[in-house]
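**Student:** I'd like to ask you about the structure that follows.
Nothing in this text is a laboratory measurement; each read-out follows from the coordinates by a stated rule. Values in this document were obtained by computation on a predicted structure and should not be read as measured data. Every residue, glycine as well, gets a Cβ built from its backbone with ideal geometry; the counts of neighbours run over all protein chains shown.
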């Protein structure tokens, strides 16, 4: 009996040892397991893929997919502002240039007058002097062709005039003397008359109402004006020299005190840039030399506008 108890006791001890060993092994395995919770997927190095989104999470819109509000971006606003403040470039037309000035005297003025005469705008013969009569004709031309009406010949006016007229001949620019004065003063229509017009700046030698010869003349300045009216030649001096100014006065024909019709070398050289001391200056020596031989003492002189 005693042996049976001992055997049973040993068997119980062995079973207890086995059970204890099994329990210890189970705790070790449990302790090595990861803490319970949601699993975190691992990323593959260099793959560039994002972790899988949680299907339960609400979707979040990316910045690129946000709806447009219609407001311009800062860059666009700055560009629009710069464009708005930038002034547009404008091309200004240069002002017209005067190519033939009023008060001038030249061959080009004769050409101007001859071209205006072709159009019926200049009723006198070309004198080469750009005075009031020529300016009036220029204004009429400018008005006709819808150009700025100034009475001055600008480059635009000159180009237009040349385009509608032909090149005048020398005969048209320097016509015969009989055509020198378009309209004679009534006092010049009878007898032998030195008919002198301040308007056209011409002297016409008129015999019996017919113009025999004509020539350009100039007059005194505002301080020594040439007298106007009806006079007569009271003295002639072919090689006269002024006793007051000590200057030559060839072919002098006196008609009012010390005032005379005579040749002027200064007029021939400078034209209308100068003036006399009251005399009627002639610049064509050949014409006044011929006139001097024809005029007689007592012949009438008429000076008028």
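**Student:** I want to check the label-to-label distance for residue 247 and residue 99. Put each point 7 Å from Cα in the C-beta direction and report it in nm to one decimal.
**Tutor:** So the label points at residue 247 and residue 99 sit 3.4 nm apart.
**Student:** If you don't mind, there's one more thing I want to ask. Taking neighbour counts of Cβ atoms within 10 Å as a proxy for exposure, in what order, fewest first, do 213, 163, 242 appear?
**Tutor:** By the 10 Å Cβ count, ascending, the order reads 163, 242, 213.
**Student:** Taking 0.36 nm per intervening residue step and subtracting the Cα-Cα distance, what contour gain separates residue 228 from residue 189 on full extension?
**Tutor:** Using 0.36 nm per residue and subtracting the Cα-Cα distance, I get 12.3 nm.
**Student:** Within 10 Å of each residue's Cβ, count the other Cβ atoms and sort 227, 287 from fewest upward.
**Tutor:** Fewest to most other Cβ atoms nearby, the residues stand as 227, 287.
**Student:** Moving to a separate point now. How many nm is it between the label spots at residue 144 and residue 270, if each spot is 7 Å from the Cα in line with the beta carbon?
**Tutor:** My value for the distance between the label points is 3.7 nm.
**Student:** Could you check the simple spin-label distance between residue 132 and residue 210, using points 7 Å along Cα→Cβ, in nm with one decimal?
**Tutor:** About 3.3 nm, to one decimal.
**Student:** Give the distance, in whole Å, between the Cα centre of segment 290-305 and the Cα centre of segment 227-267.
**Tutor:** 12
**Student:** Over segment 177-304, what is the relative contact order in whole percent, taking alpha-carbon pairs under 8 Å and six or more residues apart?
**Tutor:** Relative contact order of segment 177-304: 29 percent.
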